Each structure stands twice: as structure tokens, then as C-alpha cells.
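Student: Quick one: the structure is below, and I'll ask about it shortly.
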Amino acid sequence: MNSRALSACCLLLVPLGLALAGCGTETGTTTAGAPTGQATGATTGTPAPSAPPRAELEERARYAQVDPKHVYVTEADGFTLARQSAGVVGDDGFQATYVAPDGTRITLTAERGTFGDKECAATARGDRCTAEKPGWYRVSAERHTYIRSEDGVRIEVGAPPTVRKDLLRAAAEHAHRADDRELDGVLPEKPAGGREPVERGDLPPVGDGAPDNSVGVGG
């Protein structure tokens, strides 16, 4: 190849090299326009991970000694679920606490039972109970609570008086039976090895249920 042909060939290769270099600048972004390595689920509509199989959730509920139908969750502006607070209450009910940054708490309880005009009228002296959406509103010196019942489950959302009534009412209105994904978020994990929950052997069959710590004959 003579020098004139070589020069012409080089002139053709220079623009091609520039074009390839320009293409190289696009490798730092995804098809959604987000930088490489940045999550793009919010912009691409990628579905959230699915919940575990229902059988697994029910097994975890049995481990926690909770009836899955009694697992209710809610939301309240400025409050976050304290995961460690979620657990059994009563025989097979469920309770969870939602905490604000300053430590103020809203507690959600769901267990077997009902609540209506009769129960409202039986409110302790000095307390106040009135029918108010989403059920009944009960007030004492230490606490105010919204109560309702559905499908044989009594749902209570309560807090100290420092929590605004409108905020508490909103939390009560949002309280609902947990779906499978929400169950996965609040039920404790079952320990590896299939260990079953320990049965309490020190609870007497009658009385107030206090542990029996009596000392045998001879001290």
C-alpha cells in the first residue's frame, strides 16, 4: 500500500474510533436511565418478592402460638412497627406495638371476642365509652382506645392521651387482617431444626394463672 492510500485509510478509521468511544459512554447507565448498580425496581415496575408459601406462614404462626386469623396490622403517620413487640396475647391472639421517634406507642391487639353496646355500657366508672366510627371509642385517664369486632375477633387500637385522637382513629381505621406478605413481615421465624414452642408447665389449671413457685415438703 502506497503512502497516499495509507493516509486515506487512517482518515476513515478515525471517525469510526470516535463513534465506538461515544458508544462506550452509554455502558454506565441501565435501560431505565439509572446509573449502573442502582436499583431500578421503582422505575421499571419490578414486582416485590412474593410471600412464602401459605403452609410455611401457618407453621410459623403455630410456632408463635397465634391464630393467623388474629394477626392484624395497621399504619400510623410517624409510627413504625416494633418487630420485637409482635407476638401472642391471650390464648391465640396477636399484639403489636408501633413506636414514634420520641418513644410514644400505639398498640394494636386482636383476639377472640366481641364488643358492642353492652360491653361499652359496662365501662368502668370514671371512664367514657361512646359509639364512634370505626366502632367504639373508650377513654380513661391513662389511655384512649378504638374498639371494634368482626368475624368473632375483637380489635383494639389504643395509646396514651398524648397521641392525637385523629391519628389514633386513622390507625384504627387502617387496622386490617394481615395478608400473606404482611404475615411474613410480622411473624417470627421458626428456629432451624423444627424446635417446637415450650409448653408452660408451671401454670396451675385454676386461679389467676400465676406461676406455681411453691416449695415442696422439707423446703
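The values are calculated or read from the model by the stated rules, or taken from the named source; none is laboratory data. What you are looking at is a predicted structure, and each value in this text was computed from that prediction instead of being measured. We place every Cβ from the backbone using ideal geometry, glycine too, and count neighbours over all the protein chains shown. Just the protein is used for accessible areas: all its heavy atoms, side chains included, with ligands, DNA and RNA removed. Shrake-Rupley method; radii C 1.70, N 1.55, O 1.52, S 1.80 Å.
Student: Within 22 Å of R177 (Cβ to Cβ), open to solvent by less than 90 Å² (accessible area, probe 1.4 Å), at pLDDT below 95 and part of a loop (DSSP other than H, G, I, E, B): is that true of A32 in this structure?
Tutor: Here the answer is no, as A32 does not meet what is asked.
Student: Could we say that A175 is in contact with a strand residue (DSSP E or B) (Cβ under 6 Å, 6 or more places away or on another chain), open to solvent by less than 40 Å² (accessible area, probe 1.4 Å) and under 16 Å from F79 (Cα atoms) here?
Tutor: The answer is yes for A175.
Student: Can you name every residue in region 135-145 that is open to solvent by 40 Å² or more (accessible area, probe 1.4 Å) and over 25 Å from P101 (Cα atoms)?
Tutor: Result: W136, R138.
Student: Looking only at region 106-127, how many residues end up being under 30 Å from T80 (Cβ atoms) and polar (S, T, N, Q)?
Tutor: 2
Student: Another question, then. Those residues that are open to solvent by 40 Å² or more (accessible area, probe 1.4 Å) and either in contact with a Leu (Cβ under 8 Å, 6 or more places away or on another chain) or within 14 Å of E111 (Cβ to Cβ) (or both), I need them from region 68-77; list them, please.
Tutor: K69, D77
Student: Which members of region 86-117 meet the condition of being under 16 Å from A175 (Cβ atoms), open to solvent by less than 40 Å² (accessible area, probe 1.4 Å) and among the polar types (S, T, N, Q)?
Tutor: Passing the criteria: T97, T107, T109.
Student: Tell me which strands (runs of 3 or more DSSP E) are completely within region 74-177 and hold 2 or more residues being aliphatic (A, V, I, L, M) and either without any contact (Cβ under 8 Å) to a residue 40 or more places away in the chain or under 30 Å from E189 (Cα atoms) (or both), or say none if there are none.
Tutor: Result: 87-89, 93-99, 105-112, 153-159.
Student: Moving on. Within the group R169, R164, R148, R154, which residue is within 16 Å of T107 (Cα to Cα), in contact with a strand residue (DSSP E or B) (Cβ under 7 Å, 6 or more places away or on another chain) and open to solvent by 60 Å² or more (accessible area, probe 1.4 Å)?
Tutor: Of R169, R164, R148, R154, the one residue that is within 16 Å of T107 (Cα to Cα), in contact with a strand residue (DSSP E or B) (Cβ under 7 Å, 6 or more places away or on another chain) and open to solvent by 60 Å² or more (accessible area, probe 1.4 Å) is R169.
Student: Of everything in region 39-67 that's over 18 Å from G185 (Cβ atoms) and of a type in the set (S, T, Y), which residue is modelled with the highest pLDDT?
Tutor: So, considering only residues that are over 18 Å from G185 (Cβ atoms) and of a type in the set (S, T, Y), the one modelled with the highest pLDDT is T46.
Student: A further question on this structure: If you go through region 120-129 one residue at a time, do you hit one that is at pLDDT 95 or above and hydroxyl-bearing (S, T, Y)?
Tutor: No: region 120-129 contains no residue that is at pLDDT 95 or above and hydroxyl-bearing (S, T, Y).
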